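The values are calculated or read from the model by the stated rules, or taken from the named source; none is laboratory data. Being a predicted model, the structure only gives us computed values, none of them experimental. Methodologically, a virtual Cβ is constructed for each residue, glycine included, from the backbone with ideal geometry; neighbour enumeration extends over all protein chains shown. The area values use the complete protein model at the heavy-atom level, side chains included, leaving out ligands, DNA and RNA. Shrake-Rupley method; radii C 1.70, N 1.55, O 1.52, S 1.80 Å.
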Amino acid sequence: MGEGRLSELGALAKASGEKAFLVYDPFLKGSETLEKIIANLKNNGVAVIEFNDISPNPRNTSIDAGTELCLKEKCDVVVAIGGGSAIDSAKANALVATNGGECWEYTERAGEEVTRPTKRGLPLIVVPTTAGTGTEATSFAVVNNPAEKRKCTIITPYIYPDIALVDPLIMTTIPSMITALTGLDTFAHALESYISVNATPISEMLSLYSIELFAKSIRKAVNEGENVEARDQMALACGLGGAAIGTAGVTLPHALGQPLGALTDAPHGGTLAACFPQIIEWTLPYAEDKLSKVAGILDPSLDRDLSDTEKSSQLPRILRELYQDLHVDVSFGKYGLKESEIEALADLCFVGFLQDIKAHPKPVTREDVIYLINKCM
Ligand SMILES: NC(=O)c1ccc[n+]([C@@H]2O[C@H](COP(=O)([O-])OP(=O)(O)OC[C@H]3O[C@@H](n4cnc5c(N)ncnc54)[C@H](O)[C@@H]3O)[C@@H](O)[C@H]2O)c1
Ligand SMILES: [Fe+2]
């Protein structure tokens, strides 16, 4: 991590291979930054095959086309530069290149046949350009299947990046709304992993530090995009959140948000922001001690003498005020979910995201999910 470390990419890639499959985010197309990245790889003796067919919520068909090109060109290292969509796409390329088949086969789908990878993917170096998903530090790649209107996740330790090169300078161009929504994704990772039934003392430490950095920096990152210190702190919050979910996983907000993204193509962070206060309110009595700690970090002015019940009950209000400061005004209805799709969305949660539902501190039934979706409309 650190300002300017992107310049080390070529030397790092050279240590892993001779020919890089370079997956880059379309926002970099034609930019001076991309030119420099390619020159840096080539100057270090690494040949480059470029791929940029990446959409937000990356599609299985594009990912498979990428893997085919990577194999055809006999690339021996995968380098990804971009947001979570570009990095997840590259993670799936690296994994499928060595394990064979198509990326969708490897996604977790409860009750369906899932192919389990048996070996590591190609060497993988990632450079995140958003501070949100934490994918640079997770064992996940989220794949969107538009034909089935489903988004599911590949979960395997074989998909961890070998190297994550995190440089805040490449994040100063993120538009403010994307900064806000990706930042809320980071917060979701930290908070969900913190309250997950699979949390451990180490993951809790990562989650809490991530929430502290988020609380300190998110407003500055959104309102002063070129503030490198704020970008740097959000990038660290993001990586820590990723490492925390790598151990403890996520919970109900992601189980609801991910399939909403598949149905409506809404941005991932926005889908989480749209259900967070409602889910927290509904969960409250089951995680009071932890939620009260989070409320205290986000709003240091909260009276220390309040009980955990009183403090934690302030959290939905604190979040709604934060959304106002970040100009975030989202709901499932605004993202285009129709009343007639609510039942289907509830079903999708239980197929693709059962592991997240099981990790939630309060037991969740299908009726609960339908109640919550209605609240988020
Ligand atoms: N693998 C994981 O652990 C994990 C965790 C959470 C979410 N995800 C997945 O990641 C995807 C979302 O990733 P994301 O939130 O980073 O968004 P994204 O990658 O879809 O990017 C959002 C937009 O920002 C643009 N962008 C990215 N960096 C920029 C920059 N520096 N300057 C200007 N524009 C920039 C992109 O071109 C895109 O239009 C979703 O599919 C989500 O499900 C993965
Ligand atoms: Fe996420």
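How much net charge surrounds Ser217 when only the other residues with a Cβ under 9 Å from the Cβ of Ser217 are counted, with Lys and Arg +1 and Asp and Glu -1?
Result for the local shell: +2.
Give a quick list of GluC sites (Glu not before Pro) in the stretch 99-148 that DSSP marks as loop, anything other than H, G, I, E or B, with at most 14 other Cβ atoms within 10 Å.
Answer by residue number: Glu112, Glu113, Glu148.
Just subtract the alpha-carbon distance of Asp265 and Ser31 from 0.36 nm times their residue separation and send over the number in nm, one decimal.
81.6 nm
Around Met1, under 12 Å between beta carbons, what's the net of Lys plus Arg minus Asp minus Glu among the other residues?
Neighbour charge sum, excluding Met1 itself: -3.
How large is the accessible surface per residue of the stretch 142-296, computed with a 1.4 Å probe and reported in Å² as a whole number?
Averaged over the residues of the stretch 142-296, the accessible area is 32 Å².
Using alpha carbon centroids, what distance separates the stretch 215-234 and the stretch 305-345, in Å?
What the calculation gives is 22 Å, centre to centre.
Please list the non-local residues whose amide H lies under 5 Å from the amide H of Arg150, H modeled 1.01 Å from N, same-chain partners needing a gap of 5 or more.
Amide H to amide H, under 5 Å and 5 or more residues apart or across chains, Arg150 pairs with Asn145.
Send over a whole-number figure in Å² for the accessible area per residue of the stretch 33-132, probe 1.4 Å.
Spelled out: the 1.4 Å probe surface of the stretch 33-132, per residue, equals 39 Å².
Find how many whole Å separate the alpha carbon centroid of the stretch 27-74 from the alpha carbon centroid of the stretch 87-123.
Result: 19 Å between the Cα centres.
Tally up the carbon and sulfur contribution to the accessible surface of the chain as a whole percent, 1.4 Å probe, everything protein left in place.
It is 52 percent, rounded to a whole number.
From Cα pairs below 8 angstrom and at least 6 apart in sequence, can you work out the relative contact order of the stretch 5-170, rounded to a whole percent?
Averaging sequence separation for qualifying contacts and normalising by length gives 24 percent for the stretch 5-170.
With each pseudo-label sitting 7 Å past Cα toward Cβ, what's the Leu169-Ala47 distance in nm, one decimal?
Here the answer is 3.0 nm between the modelled labels.
Computed over the Cα atoms of the chain, what is the convex hull's projected area averaged over all directions, in nm²?
Over every viewing direction, the Cα hull of the chain projects on average to 17.1 nm².
Is any helix in the chain, taking whole DSSP H runs, at least 30 angstrom long along its axis by alpha carbon and on average at least -0.5 on the Kyte-Doolittle scale, and which ones?
Flagged H segments are 201-223.
Calculate, in nm to one decimal, what Leu71 and Glu281 gain on full extension: separation in residues at 0.36 nm each, minus their alpha carbon distance.
That pair, Leu71 and Glu281, stretches by 70.7 nm at full extension.
What is the sum of charges, Lys and Arg at +1 and Asp and Glu at -1, for the other residues whose Cβ falls under 10 Å from the Cβ of Arg366?
Once all neighbours under 10 Å are counted, the net charge is -4.
Which percent, to the nearest 5, of DSSP beta bridges fully inside the stretch 5-170 are antiparallel?
Looking only at bridges with both residues in the stretch 5-170, the antiparallel portion is about 30 percent.
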